[in-house]
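The structure appears right after this line, and notes come after that.
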Amino acid sequence: GIKIGTKMLTSRTVDAGTLERIEFLKGSASLMAGEGAAGGAINFVSKRPHQGPIENEAYVSYGSFNTVRTGFGSGGSTPVAGLDYRFDVNRASTNGYIDDTHTQNWNVSTGLDYRVSLNFKVFGAFEYKHDRGNAYWGTTPDSSAFSRGNSTRGIVAGDDVPD
């Protein structure tokens with residue numbers, strides 16, 4: 001239910017470790033999702049506190065380009081009657097397959113449910129995301145015809161633009 005804008009949606013990753021599920025709403029979804037959803041919408045459903053025994057989960061993965069993902073989650077009922085919790089922490093980093101595109105992401109989310117009565121529940125949530133990375137905007141062509149002599153060390157430099 002939080003608008004993240006079209007630029008955020010296309011350039012930022014969402015860590016699936018904090019998600020219960022991902023819903024795809026095809027077709028015109030502007031009635032439900034607001035502006036920018038003419039062709040459909042994607043709904044990220046976060047993990048929520050649940051009633052019952054405490055369940056813990058953890059994962060670690062390693063891949064190409066020194067890609068590392070780790071995460072821990074826990075949720076369930078507390079000793080306080082009617083109080084349930086959810087806590088997740090996730091970290092991902094990679095060197096990337098292109099020089100100088102290292103990224104590192106941290107995501108911490110937590111939530112509390114307190115059932116005051118059968119008909120009334122109070123819910124609170126907090127989420128923190130730290131996103132550090134170098135964007136890659138493509139490789140600039142190095143052509144002496146294109147750069148008109150402004151080529152330095154394999155990259156076109158300066159503000160001279162051909163007509």
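Of note:
- Once both labels are positioned 7 Å from their Cα atoms along Cα-to-Cβ, the gap between Val68 and Val116 label points is 4.5 nm.
- Rolling a 1.4 Å probe across all protein chains gives Tyr114 an accessible area of roughly 100 Å².
- In order through the stretch 44-52: 3J(HN,Hα) via Karplus (6.51 cos²θ - 1.76 cosθ + 1.60), integer Hz, x for Gly, Pro: 8, 9, 6, 5, 10, x, 9, 7, x
- Per-residue extension of 0.36 nm, minus the Cα-Cα distance of Arg132 and Gln104, leaves a gain of 9.6 nm for this segment.
- Distant-in-sequence amide H partners of His50 (H built 1.01 Å from N, under 5 Å): Gly76, Tyr85
- The stretch 23-133, accessible surface, carbon-and-sulfur percent (1.4 angstrom probe): 59 percent
- Share of Cα-Cα pairs in the stretch 50-130 lying beyond 21 Å, as whole percent: 44 percent
- The candidates Leu112, Leu118, Leu19, Leu25, arranged from most to least accessible area with a 1.4 Å probe in the full protein assembly, appear as Leu118, Leu112, Leu25, Leu19.
The values are calculated or read from the model by the stated rules, or taken from the named source; none is laboratory data. Every value quoted in this text rests on a predicted model; they were computed, and no experiment measured them. We place every Cβ from the backbone using ideal geometry, glycine too, and count neighbours over all the protein chains shown. For accessibility, only protein heavy atoms count, side chains too; no ligands or nucleic acids. Shrake-Rupley method; radii C 1.70, N 1.55, O 1.52, S 1.80 Å.
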